[in-house]
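**Q** Sharing a structure, written as structure tokens. Questions coming.
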Amino acid sequence: MRILLLFTMLLALTGCVSDQSKPKVYRRKIEFYQPEKLKVLYSMPEEKKLPEECYKINFQDTQIAKIALETQKIRNFNEHIKKVTKAAEEKLKIFQKFSAQKKAEISKRKNQRQLIKEMEKELKEMNKRIDKNKLAPCL
């Protein structure tokens, strides 16, 4: 009876201090994912404003000035596109050279594997011939 009473008291004491009621302590450092900054491949040039005189004279003159500004933007954009395409073409050429080298290496390895397979077949045939010669009685 005493053992049963002691056992129930222990259960009651350990039940009061369960894992759920304990305060949680975090011992590991929490690190949040931070994406890497991307390279800027292309950025638009800053727009150059036309002098205010163009906007004050006439409505037609302002329209002409806006059209001139738009054409200037298009010219600048085309110049930058040409620069970007040149850089891209250079990188493409580098990649093509690299891929040609890799293709050559792959074909070389493939040929080596084929030669190894052929050599294994020849070795098997030679071993068979040697075994036949060993088994044949000498005259």
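Values in this text are rule-based calculations from the coordinates and carry no lab data. Because the structure is a prediction, the values reported are computed rather than measured. We place every Cβ from the backbone using ideal geometry, glycine too, and count neighbours over all the protein chains shown.
**Q** Find out how many positive minus negative residues lie around residue 103, taking Lys and Arg as positive, Asp and Glu as negative, among other residues whose Cβ is under 15 Å from that of residue 103.
**A** The answer is +4.
**Q** In addition: How large is ³J(HN,Hα) for each residue in the stretch 112-118, as worked out from phi by the Karplus curve 6.51 cos²θ - 1.76 cosθ + 1.60 (θ = phi - 60°), to whole Hz, x for Gly and Pro?
**A** Coupling constants for the stretch 112-118: 5, 4, 4, 4, 4, 4, 4 Hz.
**Q** Which of the lysines could be linked to residue 124 by a straight reach, that is with a Cα gap under 26 Å, when you skip same-chain ones fewer than 8 residues away?
**A** Those lysines meeting the cut-off are 108, 110, 132, 134.
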